[in-house]
Amino acid sequence: MAQRFSKTDSGRAEISGRGGKLPRTARNLLLIIDGTRAASNWVELIHGATQADVELLLAKGLIEAARVDVTLPIAHTQTLEAAIAGLNYDQLYGLLTSQAKERLGLIKGFKMVLDVEKCSGLAELQQLAVRFVGMVREAQGDGAAKKMRLALGMAT
């Protein structure tokens, strides 16, 4: 699905309240989805997520069609740090915790999730995200690191 979606007020409330009893894949998708990418790109990043999860979030009113400003060009020289700065705490938290085990393996992934939990704020989480991309490169190579950079908002 090439359409872009963003969280609604209900979606943000669901993230903080956990009231809707969403399946894990749908909840992880809700944590990271925003209007910067097509829904299909977000689905690819969450292990086990499908188009049905997007449709569930839509049906529950947790996401809506995003308004995309086509007048703003994408900066192709953007740094990883600048891209990460564009994500809020919940988006970064959700992305790192959902990708840790898949990208780093069971033990290192679990340790990464613990490191994410130890972060006391957005700045620490951003530093950890930069380190995470390096760890992915070491574990899975440049292709996987590129996918993570894209997931974190880098244009190239």
Provide Rg and Dmax in Å for region 80-151, with only Cα atoms included in the calculation. 11.0, 30
Rank-order 32-43, 131-142 by packing density, defined as the average count of other C-beta atoms within 10 Å over each peptide's residues, highest first. 32-43, 131-142
Eigenvalues of the Cα gyration tensor times 5, then square-rooted: what semi-axes does that give for the chain, in whole angstrom, largest first? 23, 19, 15
Please compute the alpha carbon radius of gyration of region 5-65, then divide it by the globular-protein estimate 2.2 N^0.38 Å. Two decimals is fine. 0.96
Convert each backbone phi in region 136-149 into a coupling constant with the Karplus relation 6.51 cos²θ - 1.76 cosθ + 1.60 (shift: θ = phi - 60°), then list the ³J(HN,Hα) values in order as whole Hz, x for Gly and Pro. 5, 4, 5, 7, 10, x, 5, x, 5, 5, 5, 4, 5, 4
Along region 39-46, what does the Karplus equation 6.51 cos²θ - 1.76 cosθ + 1.60 (θ = phi - 60°) give for ³J(HN,Hα), rounded to whole Hz, x for Gly and Pro? 4, 4, 5, 5, 4, 4, 7, 9
Under a 10 Å cutoff between Cα atoms, tell me which one of D115, D90, D53 has the largest fluctuation in the Gaussian network model of the chain. D115
Provide the per-residue ³J(HN,Hα) series for region 106-121, in order, calculated from phi with Karplus coefficients 6.51, -1.76, 1.60 and θ = phi - 60°, each as a whole number of Hz, with x at glycine and proline positions. 4, 6, 5, x, 5, 4, 5, 4, 5, 5, 4, 5, 6, 4, 8, x
Can you check what the net charge comes to around N88, using other residues whose Cβ is under 13 Å from the Cβ of N88 (Lys, Arg +1; Asp, Glu -1)? 0
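Quick note: the coordinates plus some simple rules give every number you see, no bench work behind them. Because the structure is a prediction, the values reported are computed rather than measured. Using ideal geometry, Cβ is built from the backbone for each residue, glycine included, and neighbour counts are taken over all protein chains shown.
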